[in-house]
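The values are calculated or read from the model by the stated rules, or taken from the named source; none is laboratory data. Keep in mind it's a predicted model, so treat the numbers as computed, not measured. Heads up, the Cβs are rebuilt from the backbone with ideal geometry, glycines too, and the neighbour counts pull from every protein chain shown.
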Amino acid sequence: MAKNSLIALLQEKLDSARRELRAASVDFEVSDEQLLDLRASARQIFLELKEQDRQVTQKGLLAALKFW
């Protein structure tokens, strides 16, 4: 259950980071460095979410194969 809430939290953070990045990309007042920082932040959150999802999936597959 805790893993699911962690994944939900990371998904919300990723959605927020993507919204910020989208808004900053059309705002010409935002510097290139800030845009790159926002992109790196969104990428890092995506990688964390991907890793958590992989762990949950792997655990689920191993539990399904366990028959003893």
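Annotations
- Region 22-42, residues that are in a helix (DSSP H, G or I) and either touching a Ser or Thr at 6+ places or on another chain (Cβ under 8 Å) or not hydrophobic (A, V, I, L, M, F, W, C) (or both): ARG22, SER25, ASP32, GLU33, GLN34, LEU35, ASP37, ARG39, SER41
- Residues that are free of Cβ contacts under 8 Å to residues at least 12 places away in the same chain and closer than 25 Å to ASP53 by Cβ, drawn from region 6-37: ALA8, LEU9, GLU12, ASP15, SER16, ARG19, ARG22, ASP37
- Flag for SER31 being at pLDDT 90 or above and surrounded by 12 or more Cβ atoms within 10 Å (Cβ to Cβ): no
- Selection status of LEU36, of a type in the set (A, V, I, L, M), surrounded by 12 or more Cβ atoms within 10 Å (Cβ to Cβ) and out of contact with any Gly (no Cβ under 8 Å at 6 or more places or on another chain): no
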